[in-house]
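Notes for the one structure printed next.
The values are calculated or read from the model by the stated rules, or taken from the named source; none is laboratory data. Please read these numbers as outputs of a predicted model, since none were measured by experiment. Note that each Cβ is placed from the backbone with ideal geometry, even for glycine, and that neighbours are counted across all protein chains shown. These area figures cover heavy atoms from the full protein model, side chains too; ligands, DNA and RNA do not enter into them. Shrake-Rupley method; radii C 1.70, N 1.55, O 1.52, S 1.80 Å.
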Amino acid sequence: QVQLVESGGGLVQPGGSLRLSCAPSGSIFSINDMGWYRQAPGKQRELVASITRRGSTNYADSVKGRFTISRDTAKNTVYLQMNSLKPEDTAVYYCRISGIYGVYWGQGTQVTVSS
């Protein structure tokens with residue numbers, strides 16, 4: 001069973017930056033899209049950013065202009081560069097990869113923005 005391994009979360013001050021990475025433990029065939037979601041305490045999981053197999057990107061309004069999603073197609077790895085972080089960005093961040101054989105989720109990585 002392929003697992004997604006996330007890294008890069010942590011504690012950062014408001015205005016700071018973090019870069020999240022997500023890589024599969026094995027091969028995922030014919031990836032359709034890759035994305036990052038987040039879930040804050042007491043809230044539903046929400047889409048942060050996604051990127052299709054053709055490279056089209058989509059962002060939540062709350063992160064436009066601050067976050068950038070990118071990928072390394074050779075490694076099937078997806079990244080989320082987060083700049084100008086705000087306390088309201090605090091959440092557990094999950095990566096998601098959709099392939100022809102199913103959808104894979106990461107275990108989540110905590111991002112805390114606090115002074």
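Output the residues belonging to region 26-40 that are assigned to a loop (DSSP other than H, G, I, E, B) and under 20 Å from V103 (Cα atoms). G26, S27, I28, F29, S30, listed by residue number. Can we say I97 is in contact (Cβ under 8 Å) with a residue 24 or more places away in the chain, in contact with a Pro (Cβ under 9 Å, 6 or more places away or on another chain) and either open to solvent by less than 40 Å² (accessible area, probe 1.4 Å) or within 22 Å of V5 (Cα to Cα) (or both)? The answer is yes for I97. For region 55-64, the criterion of being at negative phi, more than 13 Å from the chain's Cα centre (by Cα) and charged (D, E, K, R) is met by at least one residue.
Applying the selection to region 74-91, what residues are without any contact (Cβ under 8 Å) to a residue 60 or more places away in the chain, outside any loop (DSSP other than H, G, I, E, B) and more than 15 Å from L4 (Cα to Cα)?
Initial filter on region 74-91 (without any contact (Cβ under 8 Å) to a residue 60 or more places away in the chain): 74-78, 88-91.
Now narrow it down to the ones that are outside any loop (DSSP other than H, G, I, E, B): 77-78, 88-89, 91.
Hits for region 74-91 are E88, D89, A91.
Of all residues in region 71-109, those satisfying the criterion of being of a type in the set (A, V, I, L, M, F, W, C) and within 20 Å of R54 (Cβ to Cβ) are A74, V78, L80, C95, I97, I100, V103. Kindly establish whether N76 is surrounded by 15 or more Cβ atoms within 10 Å (Cβ to Cβ) and modelled with pLDDT under 95. Yes. When region 9-25 is filtered for residues that are open to solvent by less than 30 Å² (accessible area, probe 1.4 Å) and not in a strand (DSSP E or B), only G16 remains. Pairs meeting the criteria (first residue in region 50-61 and under 16 Å from Q81 (Cα atoms), second residue of a type in the set (S, T, N, Q) and open to solvent by 50 Å² or more (accessible area, probe 1.4 Å), beta carbons under 6 Å, at least 6 apart or on different chains) are S50/N58; I51/T57.
Residue count for region 41-73 satisfying the condition of being closer than 22 Å to Y104 by Cα, open to solvent by less than 40 Å² (accessible area, probe 1.4 Å), assigned to a loop (DSSP other than H, G, I, E, B) and modelled with pLDDT of 95 or more: 1.
Might you check whether a residue that is within 19 Å of V5 (Cα to Cα) and of a type in the set (S, T, Y) occurs anywhere in region 42-57? Yes: one or more hits.
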